[in-house]
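S.K.: Pasting a structure here, questions to come.
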Amino acid sequence: MIEPGEWLGVLGGGQLGRMFCMAAQTLGYRVCVLDPAADSPAGAVAERQIRADYTDEGALAQLAVLCRAVTTEFENVPAQSLERLARDCTVSPRAGAVAIAQDRRLEKRFAQDCGLPVAPYHAIADAADLAAVDATLLPGVLKSARLGYDGKGQIRVERKDGLLRAWEDLGRVPSVLEQWLPIACEVSVIVCRGRSGRPVTYPVGENQHRGGILAATIVPARIDAQLALQARSAAATMAERLDYVGVLCVEFFVLHDGRLLVNEMAPRPHNSGHYTINACASSQFEQQARILADLPLGEPRQLAPAVMLNLLGDLWFEGGRVRLPRLDQVAAIDGACLHLYGKREARRGRKMGHVTVLGASPQDALQRARQVSAALGLEPAR
């Protein structure tokens with residue numbers, strides 16, 4: 001166990017790092033953030049920030065000397081940086097696990113190796129792979145193998161003669177063509193696993209996206225109880241097979257015929273798990289801090305039904321002018337818990353905060369969430 005008062009480190013200064021800092025500080029730890037930005041959300045609340053690139057050898061050495069253990073808040077951190085840190089301090093998740101999550105081809109192959117189904121796909125590394133695509137995979141979605149998130153690096157392709165143009169639009173990078181399937185809904189599971197090896201999972205969240213970005217998460221998900229158990233079991237299996245230490249999110253497609261398919265995983269706390277801060281006995285960020293400090297895992301039990309709504313920078317614009325959304329109206333709604341990330345500049349599509357709405361029942365939480373949406377001018381959760 002790392003004793004309270006000692007230093008924990010995090011690579012990345014975004015909102016996930018900010019919420020990790022707050023959770024770790026509640027447990028009595030000091031936190032150092034490594035991030036190149038002068039005004040990072042995590043750096044604003046951490047005891048210390050090292051301003052440098054994630055591959056800066058001197059900065060990594062400084063972080064490793066100061067901190068007993070280091071984690072990351074985004075999956076695209078260079079794996080070699082994690083390997084470098086691991087020479088001098090504890091690092092979780094390990095570089096090998098992160099490397100699988102960074103590449104859609106490795107990710108899908110890993111899920112299949114775990115005996116879990118994925119959507120039919122074809123990996124594309126060069127023009128020969130492109131020419132070999134089976135036309136039955138179309139219509140589909142061409143996704144860059146690396147660096148894609150929030151709908152970025154994805155292009156819908158209707159016919160085979162549109163594949164080359166789509167691949168060129170992605171920069172001819174390694175990609176995956178995934179068959180477009182009739183999806184009833186998308187769900188996700190947050191799984192936490194410490195060094196003891198025993199994973200715990202949170203209730204399944206039902207996710208709704210707009211423009212490729214998560215808009216709302218409803219927990220518990222409105223799916224069959226057996227399907228929910230299947231999703232939690234699959235997420236735990238993936239964490240165990242990865243020998244994963246940390247917080248992992250596994251996202252799934254639920255098809256109209258009831259099948260559950262693995263979509264992707266994120267080797268970190270996830271946007272769809274933000275509700276755990278207000279709705280669960282221990283949040284995903286507290287679990288991240290507990291795991292890093294080698295403390296026992298907290299209880300993932302949900303205390304109240306919840307709906308989480310993302311607040312994007314679009315809300316800060318009206319008629320070409322920047323203005324503050326009606327947050328006072330949100331604060332007046334019973335059960336609404338507002339979280340802002342301390343970002344100085346609002347931009348369209350930028351995650352500025354979220355609201356978690358608690359209710360006495362799932363229907364009550366959803367009704368209150370619709371009141372929040374009406375106050376802010378958001379499209380309501382369905």
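S.K.: Collect the residues in segment 44-53 that are open to solvent by less than 40 Å² (accessible area, probe 1.4 Å) and either among the polar types (S, T, N, Q) or within 23 Å of Q80 (Cβ to Cβ) (or both), keeping them in residue-number order.
M.R.: Residues satisfying the conditions are I50, A52.
S.K.: Considering only residues that are farther than 20 Å from S81 by Cα and in contact with a strand residue (DSSP E or B) (Cβ under 8 Å, 6 or more places away or on another chain), look in segment 20-38 and name the one that is most open to solvent (accessible area, probe 1.4 Å).
M.R.: By that ranking, first place goes to R30.
S.K.: Right, next: Would you check which residues across segment 69-104 are open to solvent by less than 10 Å² (accessible area, probe 1.4 Å), within 21 Å of Q15 (Cα to Cα) and not in a loop (DSSP other than H, G, I, E, B) and list them?
M.R.: Within segment 69-104, A69, V70, T71, T72, S81, L82, V98 qualify.
S.K.: Condition first: hydrophobic (A, V, I, L, M, F, W, C) and in a strand (DSSP E or B). Now tell me which residues in segment 171-212 satisfy that.
M.R.: Listed by number, the residues that qualify are V176, L177, I183, A184, C185, V187, V189, I190, V191, C192, V200.
S.K.: Tally time: how many residues in segment 66-99 are among the basic types (K, R) and without any contact (Cβ under 8 Å) to a residue 60 or more places away in the chain?
M.R.: Residues that pass the stated criteria total 2.
S.K.: With more than 26 Å from P4 (Cβ to Cβ) and among the hydrophobic types (A, V, I, L, M, F, W, C) as the only criterion, which of A64, A37, A42 stands out?
M.R.: A37
Here is a yes/no grid of residues against (1) of a type in the set (D, E); (2) open to solvent by 30 Å² or more (accessible area, probe 1.4 Å); (3) assigned to a strand (DSSP E or B); (4) closer than 21 Å to L297 by Cβ:
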site	(1), (2), (3), (4)
T237	no, yes, no, yes
E240	yes, yes, no, yes
V250	no, no, yes, yes
L261	no, no, yes, no
E264	yes, yes, yes, no
R268	no, yes, no, yes
S272	no, no, no, yes
I277	no, yes, no, yes
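S.K.: Can you list residue pairs whose Cβ atoms sit under 7 Å apart, with the first residue in segment 283-306 being more than 14 Å from T356 (Cα to Cα) and open to solvent by 30 Å² or more (accessible area, probe 1.4 Å) and the second being assigned to a loop (DSSP other than H, G, I, E, B) and aliphatic (A, V, I, L, M)? Count only pairs 6 or more apart in sequence or on different chains.
M.R.: So the pair list comes out as R290/L297; D294/M1; D294/I2; L295/M1; E299/A281; R301/A281.
S.K.: Output yes when any residue across segment 222-230 is open to solvent by less than 50 Å² (accessible area, probe 1.4 Å) and in contact with a Gly (Cβ under 6 Å, 6 or more places away or on another chain), and no when none is.
M.R.: Taking every residue of segment 222-230 in turn, none turns out to be open to solvent by less than 50 Å² (accessible area, probe 1.4 Å) and in contact with a Gly (Cβ under 6 Å, 6 or more places away or on another chain).
S.K.: Moving on to the next point. If E107 passes every condition in (1) open to solvent by less than 20 Å² (accessible area, probe 1.4 Å); (2) over 30 Å from E299 (Cβ atoms) but one, which one does it miss?
M.R.: The failed condition is (2).
S.K.: For segment 1-54, enumerate the residues that are more than 19 Å from R268 (Cβ to Cβ), among the charged types (D, E, K, R) and not in a loop (DSSP other than H, G, I, E, B).
M.R.: Of everything in segment 1-54, those that are more than 19 Å from R268 (Cβ to Cβ), among the charged types (D, E, K, R) and not in a loop (DSSP other than H, G, I, E, B) turn out to be R30, R48.
S.K.: Considering only segment 311-349, state which residues are within 25 Å of A360 (Cα to Cα), assigned to a helix (DSSP H, G or I) and either open to solvent by less than 30 Å² (accessible area, probe 1.4 Å) or not hydrophobic (A, V, I, L, M, F, W, C) (or both).
M.R.: Once the filter is applied, which keeps residues that are within 25 Å of A360 (Cα to Cα), assigned to a helix (DSSP H, G or I) and either open to solvent by less than 30 Å² (accessible area, probe 1.4 Å) or not hydrophobic (A, V, I, L, M, F, W, C) (or both), segment 311-349 yields L327, D328, Q329, V330.
S.K.: Can you tell me which residue is surrounded by the fewest Cβ atoms within 10 Å (Cβ to Cβ) among those in segment 192-216 that are among the β-branched types (V, I, T) and out of contact with any Asp or Glu (no Cβ under 9 Å at 6 or more places or on another chain)?
M.R.: If we take residues in segment 192-216 being among the β-branched types (V, I, T) and out of contact with any Asp or Glu (no Cβ under 9 Å at 6 or more places or on another chain), then T201 is surrounded by the fewest Cβ atoms within 10 Å (Cβ to Cβ).
S.K.: Scan segment 141-158 and tell me whether some residue there is open to solvent by less than 10 Å² (accessible area, probe 1.4 Å), in a loop (DSSP other than H, G, I, E, B) and closer than 30 Å to D243 by Cβ.
M.R.: Looking through segment 141-158, at least one residue is open to solvent by less than 10 Å² (accessible area, probe 1.4 Å), in a loop (DSSP other than H, G, I, E, B) and closer than 30 Å to D243 by Cβ.
The values are calculated or read from the model by the stated rules, or taken from the named source; none is laboratory data. Source: prediction; values computed, not measured. Here Cβ is always computed from backbone atoms with ideal geometry, including for glycine, and neighbour counts include all displayed protein chains. The protein model used for the area step is the full one, side chains on, heavy atoms only, and it has no ligands, DNA or RNA in it. Shrake-Rupley method; radii C 1.70, N 1.55, O 1.52, S 1.80 Å.
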